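In what follows, a single structure is set out as structure tokens and then discussed.
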Amino acid sequence: MKKLQDQDPSLTDFLGKSYAYVIFPTVGTGGVVVGGSYGHGEVFQSGKMIGYADISQVTAGAQIGGEAFTEIIAFENPDALQRFKDGKLSLETTASAVLLKSGAAASSTYNNGFVVFTQPREGAMAAAVVGGQSFSFQPL
């Protein structure tokens, strides 16, 4: 989190004003025609950890390679967090993420109760894929 906040100092304020957020420090993804991704993270509400989360995705389509990235999902309100906890939040293929760079969080807005931030870590992947991210939540 410190590295992300150093890249975009406005992230601290944005998350501080969010109802809750989940951070996946490393999400790994890869594939050749069929691919997938997985990551494990922690969920925070009012500055306190309330549980763990998993992110997964299965994709099909023209793709080759692998990459790793960090992903943060910030929740605007209790309803958005509850959808996440209930496994009813899934990111469609049309969902877009905000690439973290200086000032990006400050100009971000919620869409359907949440906003997604990503930061590439390593690797390269070329993809035109069909599939969405899905999540599971485990309370402390």
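Bear in mind these aren't lab numbers, they're just calculated from the coordinates by the rules spelled out. In this text the structure is predicted, and so the values were computed from the model without any measurement. Cβ sites come from the backbone with ideal geometry, for glycine too, and all protein chains shown count toward neighbours.
Tabulated values for the structure
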| item | result |
| --- | --- |
| Relative frequency of Cα-Cα separations exceeding 19 Å in region 1-88, percent | 47 percent |
| Under Karplus coefficients 6.51, -1.76 and 1.60, residue-wise ³J(HN,Hα) of region 34-44 in Hz, glycine/proline x | 9, x, x, 8, 7, x, 10, x, 10, 10, 10 |
| Local net charge near residue 16, Cβ-Cβ under 14 Å (Lys/Arg +1, Asp/Glu -1) | -1 |
| Lysines with Cα under 25 Å of residue 3, excluding same-chain neighbours fewer than 8 positions away | 17, 48, 101 |
| Residues residue 32 and residue 109, FRET efficiency given R0 of 22 Å [Cβ-Cβ distance, rounded to 0.05] | 0.05 |
| Placed amide H near residue 50: partners under 5 Å, 5+ positions off or other chain | 43, 44, 45 |
| In nm, spacing of pseudo-spin labels at residue 140 and residue 121 (7 Å Cα→C-beta vector) | 2.3 nm |
